[in-house]
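J.: First, the structure itself, so that you have it in front of you.
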Amino acid sequence: MALTLDAAAPGTLHESPRARARAWVALAVLMLPVLLVSVDNTVLSFAIPSISLALVPSAPELLWIIDVYPLVLAALLVPMGSLADRLGRRRLLLLGSTGFAVVSVLAAFSPDAGTLIGCRALLGVFGAMLMPSTLSLIRNIFVRQDQRRTAIAVWAACFSGGATLGPIVGGFLLEHFWWGSVFLLSVPVLVPLLILAPIFVPASKDPAPGRIDPVSIALSLGAMVPTIFGIKEVAQTGLTAWNAALIAAGLVLGVAFVRRQLGQGNPMLDVRLFSNPVFSGGVLANLLSIFSLVGFLYFVTQHLQLVVGLSPTQAAFVLVPGLVISIATGFAAASLARYVRPSLLVAGGLLLNAAGFLSVWLNGSGSVAGIVIAFAILGAGVGVAETISNDLILSAAPPAKAGAASAISETAYEVGSVLGTAVLGSILAAAYRLNVAVPAHLAAADRQAAGQTLGGAIDVAAGLPAEQAAALLESARHAFDSGSGLVSMVGVALMLGAAVMCLRTLRTAPKGEPAAH
């Protein structure tokens, strides 16, 4: 039974109220935008070939079609989370949902690449309104921590499920409709939300909000955009002077943002939350768990499609068992947290992540069965670590600041995704370049393409005589798999270090139901 001090009568204890059926209906409604945004993160990759044929974008335009959405989303999460606390979380959720649905329709019928890039940027703006609002509303709807952990497990399950569902749904839509159908998917999801949210989702906001600070918003954008973009560019082109300058500029503006927040009485983002080791440890655990998941998927999906020869949809189905296990362990963690310290649960989840990477290394043949097992182990770890770390982040912040805390959690997710691809992807690319043997007689452009990526080698091999093509493909696939082995061992080392870090930083987090803020 959860007991808290009554503010109206100091020293008097009362029981935290249990959420009733209406709260769980509200949770179901809130999962609609979560599912949509997570599907949207992965579904577009399937439409890229069709978009290329229909709109004929240049190479830079094609990259911006892919990158502008996550870039804008990540940059605006913190300002939108703070705005949700000030204007109202349900209000911002409804505004974001309406905008997301309208712009999705515009994107589906874009006449050219420039219009589609603009629509994708606007989707990032409205998407940033959705995610912090959902998590912060959960913080205020579910007061009891045992119920809140279950609700967060549902939230994490929908987020993970949507990411895996994206390739499956995208494959189906593109087999039967045109490329714009992947954008129209949002309309039937968001219309029920706009009808049901005002009925079932309670309004909440910070009772004593500070003023909106345009300078802090500008500094936040200035810190996030060049940092995230620079990290993404490192993954694609390596560490160049330009990429390093972008990251450095972002970090400098980030320091300016933190100093401004510390100097204000009611800041846009209370960075003092990071002085709480449970909060900062939860953020790091969240980031590193997603780092492991995205980094793992980055090279495993390529192996399944380019080495094993599966179609994208078949590769997505290979990952479904790991997704199911991730959902199950998330719910199990919510129950176990009543009896086991959060530090042990989060560290255990990260150790499972390490075991998943180790399984890839041990699976020298790269068999599909081995990958299914490895992703199942890693999925189990992600389910535990994500559920508990998100709950720790929300629990460590006062309910009035739930929007800002949720935004930090979501930003950690986005940064973890970018770092997972950038760090592990860069290691994989470097190992591939060192080990691949490219025929000397090839044209310079073909040598460069085959020497950079496995996909490039496959394209070049298609134009070679059978014997030369077979030799190039064997070398390229061997180089890719040797790089995957190196990435796996780096993943093991990073996850072991992360587990030790969490044992130290989260050791003060109590098990069971702590006093509510």
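The values are calculated or read from the model by the stated rules, or taken from the named source; none is laboratory data. These numbers come from a predicted model, not from an experiment. In this analysis, Cβ positions are derived from the backbone assuming ideal geometry, glycine residues included, and neighbour counts consider all displayed protein chains. Areas reflect the complete protein model, heavy atoms only, side chains present, ligands, DNA and RNA absent. Shrake-Rupley method; radii C 1.70, N 1.55, O 1.52, S 1.80 Å.
J.: Take the residues in region 327-347 that are over 20 Å from S395 (Cα atoms) and modelled with pLDDT of 85 or more; name whichever of them is surrounded by the most Cβ atoms within 10 Å (Cβ to Cβ).
T.: T329
J.: Looking only at region 430-452, count how many residues are open to solvent by less than 70 Å² (accessible area, probe 1.4 Å) and closer than 16 Å to F299 by Cα.
T.: Total meeting the criteria: 3.
J.: Just checking, does region 255-272 include any residue being at pLDDT 85 or above and charged (D, E, K, R)?
T.: Yes.
J.: Scan region 322-342 residue by residue and report those that are over 22 Å from the mean Cα position of the chain (by Cα) and part of a helix (DSSP H, G or I).
T.: Residues satisfying the conditions are S335, L336.
J.: Taking region 164-186 as the search range and keeping residues that are in a helix (DSSP H, G or I) and open to solvent by 30 Å² or more (accessible area, probe 1.4 Å), which one is nearest to A315 (Cα to Cα)?
T.: Filtering first and then ranking leaves I168.
J.: Answer with yes or no whether V382 is crowded, with 24+ Cβ neighbours inside 10 Å and among the β-branched types (V, I, T).
T.: yes
J.: For residues that are out of contact with any Leu (no Cβ under 8 Å at 6 or more places or on another chain) and surrounded by 16 or more Cβ atoms within 10 Å (Cβ to Cβ), tally how many sit in region 360-371.
T.: Final tally of qualifying residues: 4.
J.: Within region 464-476, track down each residue that is of a type in the set (G, A, S) and open to solvent by less than 70 Å² (accessible area, probe 1.4 Å).
T.: Those that are of a type in the set (G, A, S) and open to solvent by less than 70 Å² (accessible area, probe 1.4 Å): A469, A470, A471, S475, A476.
J.: Is it the case, given these coordinates, that N286 is open to solvent by less than 30 Å² (accessible area, probe 1.4 Å), free of Cβ contacts under 8 Å to residues at least 40 places away in the same chain, polar (S, T, N, Q) and assigned to a helix (DSSP H, G or I)?
T.: Criteria not met by N286.
J.: Same structure again: Which members of region 84-120 meet the condition of being more than 23 Å from the chain's Cα centre (by Cα) and open to solvent by 30 Å² or more (accessible area, probe 1.4 Å)?
T.: Residues satisfying the conditions are L87, R91, V102, V105, L106, F109, P111, D112, G114, T115.
J.: Also, I was wondering about something else. If you check M80 against the conditions, is it part of a helix (DSSP H, G or I), aliphatic (A, V, I, L, M) and open to solvent by 10 Å² or more (accessible area, probe 1.4 Å)?
T.: So M80 passes the test.
J.: Only residues that are open to solvent by 70 Å² or more (accessible area, probe 1.4 Å) and within 21 Å of the chain's Cα centre (by Cα): list them for region 209-250, please.
T.: Q236
J.: If you don't mind, another one. Restricting attention to region 49-92, and to residues there that are of a type in the set (V, I, T) and out of contact with any Ser or Thr (no Cβ under 7 Å at 6 or more places or on another chain), which single residue is nearest to M268 (Cα to Cα)?
T.: V72
J.: In region 156-214, what count of residues is obtained for those that are at pLDDT 75 or above and basic (K, R)?
T.: 0
J.: State the number of residues belonging to region 477-517 that are modelled with pLDDT under 80 and open to solvent by 20 Å² or more (accessible area, probe 1.4 Å).
T.: The number of residues fulfilling the criteria is 9.
J.: Also, quick follow-up: For R86, state whether it is among the charged types (D, E, K, R) and in contact with an Asp or Glu (Cβ under 7 Å, 6 or more places away or on another chain).
T.: Yes: the conditions hold for R86.
J.: Search region 31-56 for residues being modelled with pLDDT of 80 or more and under 18 Å from G118 (Cβ atoms), and hand back the single one that is most open to solvent (accessible area, probe 1.4 Å).
T.: By that ranking, first place goes to A54.
J.: A further question on this structure: Could you tell me whether any residue of region 366-383 is under 21 Å from L297 (Cα atoms) and not in a helix (DSSP H, G or I)?
T.: yes
J.: Within region 121-154, how many residues turn out to be among the aromatic types (F, W, Y) and open to solvent by less than 10 Å² (accessible area, probe 1.4 Å)?
T.: Of the residues in that region, 1 qualify.
J.: Scan (1) open to solvent by 10 Å² or more (accessible area, probe 1.4 Å); (2) farther than 19 Å from Q145 by Cα for the single condition A354 breaks and write down its number.
T.: (1)
J.: Condition test on L262, is it of a type outside the set (D, E, K, R) and free of Cβ contacts under 8 Å to residues at least 60 places away in the same chain?
T.: In short, yes.
J.: Within region 11-29, is there a residue that is open to solvent by less than 40 Å² (accessible area, probe 1.4 Å), at pLDDT below 85 and under 25 Å from the mean Cα position of the chain (by Cα)?
T.: Checking region 11-29: not a single residue is open to solvent by less than 40 Å² (accessible area, probe 1.4 Å), at pLDDT below 85 and under 25 Å from the mean Cα position of the chain (by Cα).
J.: Something else about it: Out of L503, L486, report the one residue that is in contact with a Ser or Thr (Cβ under 6 Å, 6 or more places away or on another chain), of a type outside the set (G, A, S) and assigned to a helix (DSSP H, G or I).
T.: From the options L503, L486, the qualifying one is L503.
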